[in-house]
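Worksheet: the structure to be examined is printed underneath.
Every number here is computed from the coordinates shown, using simple stated rules; none is lab data. Quick caveat: nothing in here was measured; it's all calculated off a predicted structure. Please note: Cβ atoms are built from the backbone with ideal geometry, for glycine as well, and neighbour counts cover all protein chains shown.
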Amino acid sequence: MKFIDSFLNKITMYKLTLYYLIFLIIVSVVLSILGILSYNPLDILVSTFIAITVCSITNFIFAKIFKASTNIESVFITALILVLIIPVKFPLHATFIGAVSFIAMASKYLLTIEKRHIFNPAAVAVVAVTLFSPEHNATWWVGTLAMMPFVLIGGLLLTRKIQRESMVFSFLLTYLAIISIESVIRTGSLLSIISALKHSVIGSALLFFTFVMLTEPLTSPARKRLQKYYGYAVAFLYLTPQLRFVNFAITPEMALCIGNIFTYIINPNYRFSLSLKWKKQLSSDTLEFAFDKPLDFKFIPGQFMEWTLPHKKTDNRGNRRYFSIVSSPTEQIIKILVKFYSPSSSYKKELFNVLEGKEIIASQVSGDFTLSKDVKIPMVFIAGGVGIAPFISMIQYLIDKNIVMDIILIYSNRTDNEILYKDILERARQNGVKTIYVLTDKEHLPADWQGLSGHLNEDVIKTQIPDFSKRKFYISGPQLMVQSFEKILKKAGVKKKKIKTDFFPGYSENK
C-alpha cells in the first residue's frame with residue numbers, strides 16, 4: 001500500500017483520471033480486436049477522435065468568448081467518458097457523439113451559477129440530447145464483464161487518490177441493500193439476492209458510474225458527511241428503473257444530474273478571481289501570498305481551496321494546485337503558504353514571479369480537517385513543514401475569538417530557519433496552545449536549541465504527552481509523513497477514530 005500511495009502522491013487527480021480513461025479505451029480496442037467485445041475497434045477509435053476534436057474546439061471557442069482559463073485535461077476527460085457511455089457505431093452515431101460533445105463543453109460555461117458549473121458535463125449532455133431525441137440514449141457499453149476488472153482496478157486507485165471512499169461505500173451499500181430487499185419482496189426467496197446482485201453489478205456499468213461519474217469533485221459535496229447523503233440519494237435515483245414498485249424511470253445520467261442539484265443546494269461553494277495584494281518571503285524557500293477577501297466568502301479554519309493559475313508552457317503537473325487557507329475567517333484577507341522546490345514545476349515558477357494585482361482563480365472550498373465545536377476536547381496538532389498552514393488558521397481564530405483550548409502542537413522542521421509563524425504560536429500560549437518544536441537535522445542544531453531533535457517516534461509521543469490516550473490527534477504535512485505519523489500513533493495505542501489527517505487531492509509535496 002505504501003508503494004501505491006507513493007505513486008498516487010506523484011500524480012495529479014486530473015492526470016490519473018485521464019490516464020485511467022485512456023487505458024480503458026485501449027483495453028476496449030484490444031478486446032474488440034480479439035473478439036471478446038462485440039465492437040468494431042475502428043469505430044471506437046473514430047468515435048474517440050470525434051469526441052476529442054469537438055470537445056477541444058468547443059472548449060476553445062467558449063473559453064475565448066468568456067475569457068476563461070481552461071484545463072485541457074478536463075476536456076479530454078469529458079470526451080473519453082462520453083466515448084465509453086454512448087454507442088460507438090460509426091457513422092450511425094457520429095451525429096450523436098458530436099452533439100453530446102458540444103453540449104458537454106458548452107454546459108461548463110452556460111449552465112453555471114456565479115461561475116460554478118452545476119452539472120457533470122457528460123451526464124447533462126446525454127440527458128439534453130435524450131430529452132429532445134429519445135431514440136438517442138447512453139448504452140454505458142463500458143459496463144461489461146470483460147471490462148469490469150480494468151474498471152475496478154483503476155477505479156479503486158482513483159477513489160483512493162481523491163479519498164472519496166465514504167461516498168463510494170454509501171452509494172454501493174445503499175444500492176446493494178435496495179436491490180436485495182426488492183428481489184426478496186418480488187420473489188419471496190433469499191436465494192434470489194445472489195442472482196439480482198450478479199446481474200446488477202457484473203452486467204452493468206455500476207462500477208464505472210460509481211468511480212468516475214459519481215465522485216467528480218466539482219459536482220459532488222466537499223464534506224464527508226454530505227458525501228454520504230449524496231451517495232444515498234443518487235443510489236436510490238439510480239435504482240428507479242429496476243424497482244418494480246416505482247412507476248417512473250430515471251436513467252443513470254439523469255440520476256447524477258439530480259444529485260448534482262442536490263450538491264449545489266447543500267454544498268455552498270465559491271469561485272473567485274482574487275487579486276494578489278502582497279507576497280512575503282517567510283524562509284529561504286517559502287512564501288506567503290495574500291489576497292483581498294470577497295465580502296460573501298465564508299470558510300472554516302483548516303479548509304483548503306483549489307487555485308488555478310493559467311500560464312504558458314504548462315508542464316505535465318498542470319495549472320491547478322490545492323493550498324490550505326492560512327488566514328483565519330476573522331481576517332479581511334485570504335492567505336496561502338507555498339513552498340518552492342528545486343526544480344519547480346511551471347506552476348510554481350509562474351506563482352513565484354507573479355506581481356501584485358495579478359488575478360488567480362480560487363475555487364472549491366473543501367476539507368474536513370477542522371476543529372471540533374467542543375472546546376473541552378484536548379488535542380494534539382502534529383505539523384511537518386508547511387503543514388503548519390491549516391493549524392495557523394485554527395490558532396489565529398482562537399486568538400481572535402479569545403477561545404482557550406487544551407492543545408499541544410508538535411511542529412517538525414529540518415532546521416530552525418524553516419520554522420514559520422513563531423510569533424503567532426508564542427502568542428497562542430495564552431489560549432492554551434503549547435508548541436513543542438522539533439528539528440530533524442541533528443548536525444545543524446543551534447547552540448542554544450531548547451526543543452527536541454530527531455524524528456518523532458512512539459517514545460517521544462508518550463514522553464512529551466503523558467495523557468496522549470485521552471487526546472484527539474490532527475496531522476498535517478506531506479502525505480507520506482502523515483501516513484508515517486498515523487502508524488506511530490496507532491502503534492502507541494491511539495484509536496483510529498481519534499486521528500484526523502489533512503488531505504489534498506494534489507501532490508504530497510505539492511511541487
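This ranking places Val100, Val151, Val365 by how few other beta-carbon atoms lie within 10 Å of each, fewest first, which gives Val365, Val151, Val100.
Checked against a 21 Å cut-off, the cross-linked pairs Lys335/Lys497; Lys376/Lys498; Lys376/Lys472 give Cα-Cα distances beyond that limit for Lys335/Lys497. Could you state the angle between the C-alpha long axis of helix 252-266 and the longest principal axis of the C-alpha atoms of the chain, as a value from 0 to 90 degrees rounded to the nearest 10? So the inclination is approximately 30 degrees.
A simple charge model with +1 on the Cβ of Lys and Arg, -1 on the Cβ of Asp and Glu and nothing else charged puts the dipole of region 379-501 at about 860 debye relative to its Cα centre.
Net charge around Lys279, counting only other residues with Cβ within less than 11 Å of its Cβ (Lys, Arg = +1; Asp, Glu = -1)? So the environment of Lys279 carries a net charge of +2.
Can you work out ³J(HN,Hα) from phi for every residue in region 327-332, in order, using Karplus 6.51 cos²θ - 1.76 cosθ + 1.60 and θ = phi - 60°, giving whole Hz and x for Gly and Pro? These are the phi-based 3J(HN,Hα) values: 6, 8, x, 6, 8, 9 Hz. Restricting the GluC sites (Glu not before Pro) of region 327-368 to loop positions (DSSP other than H, G, I, E, B) with no more than 15 neighbouring Cβ atoms within 10 Å leaves Glu356.
The distance between label points at Gln163 and Leu92 comes to 4.6 nm (points 7 Å beyond Cα on the Cα→Cβ vector).
Considering only Ser180, Ile33, Leu21, the residue lying farthest towards the positive end of the dipole of the chain is Ser180, judged by Cα position with unit charges set on Cβ. Principal-axis analysis of the Cα atoms of the chain puts helix 121-132 at an angle of about 30° to the longest axis.
Sorted from fewest to most neighbouring beta carbons within 10 Å, what does the list Glu458, Glu182, Glu443 look like? Before the final figure, lay out each step's value.
Details: Glu458 16, Glu182 19, Glu443 6.
Ordered by Cβ neighbours within 10 Å, fewest first: Glu443, Glu458, Glu182.
In percent, rounded to a whole number, the relative contact order of region 378-420 is 61, using alpha-carbon pairs under 8 Å and six or more apart.
Modelled spin labels at Ile61 and Lys434, positioned 7 Å past Cα toward Cβ, are 6.6 nm from each other. Once the Cα atoms of helix 165-187 and of the chain are each reduced to a long axis, what angle between those two axes, in degrees from 0 to 90 to the nearest 10, is obtained? Rounded to the nearest ten degrees, it is 40. Which FRET efficiency value, to the nearest 0.05, is calculated for Asp441 and Phe3 with the Förster distance at 41 angstrom and r the Cβ-Cβ distance? That gives a FRET efficiency of 0.90. Across region 79-122, the residues whose backbone nitrogen lies under 17 Å from the label position 7 Å along the beta-carbon direction of Leu42 are 88-94.
Amide H contacts for Lys472 (H built 1.01 Å from N in the peptide plane; partners 5 or more residues away or on another chain; cut-off under 5 Å): Met379, Val380. Computed from the C-beta positions of Ile266 and Asp423 and an R0 of 45 Å, the FRET efficiency is 0.70 to the nearest 0.05. Per residue, the average separation of C-alpha pairs within less than 8 Å and at least 6 apart gives region 60-156 a relative contact order of 28 percent. Phi angles across region 441-448 convert, under the Karplus curve 6.51 cos²θ - 1.76 cosθ + 1.60 with θ = phi - 60°, into 3J(HN,Hα) values of 8, 5, 6, 10, 6, x, 4, 9 Hz, Gly and Pro given as x. Going from the residue with the fewest nearby Cβ atoms within 10 Å to the one with the most, Leu351, Leu34 rank Leu34, Leu351. Given R0 = 45 Å, the distance between the Cβ atoms of Lys487 and Ser133 translates into a calculated FRET efficiency of 0.25. Once you reduce region 56-106 and region 114-142 to the center of their Cα atoms, the two points are 11 Å from each other. Distant-in-sequence amide contacts of Ile410, defined by a placed amide H-H separation under 5 Å and a gap of 5 or more residues or a different chain, comprise Phe381, Ile382, Ala383, Ile436.
Residue by residue, region 219-232 carries 3J(HN,Hα) couplings of 10, 10, x, 8, 8, 4, 4, 6, 4, 5, 4, 4, x, 4 Hz when phi is fed to the Karplus relation 6.51 cos²θ - 1.76 cosθ + 1.60 (θ = phi - 60°); x denotes Gly or Pro.
Under 5 Å from the amide H of Lys358 lie the amide H atoms of Leu276, each residue being 5 or more positions distant or on a separate chain, with H modelled from the backbone and absent for Pro and chain starts. As a rough guide to protection, the peptides 208-217, 295-304, 447-456 ranked by mean Cβ packing within 10 Å, highest first, stand as 208-217, 295-304, 447-456.
Near Phe96, within a Cβ-to-Cβ distance under 11 Å, what is the net charge of the other residues, with Lys and Arg +1 and Asp and Glu -1? Display every interim value, and only then the final one.
Details: positive: Lys89; negative: Glu135.
Once all neighbours under 11 Å are counted, the net charge is 0.
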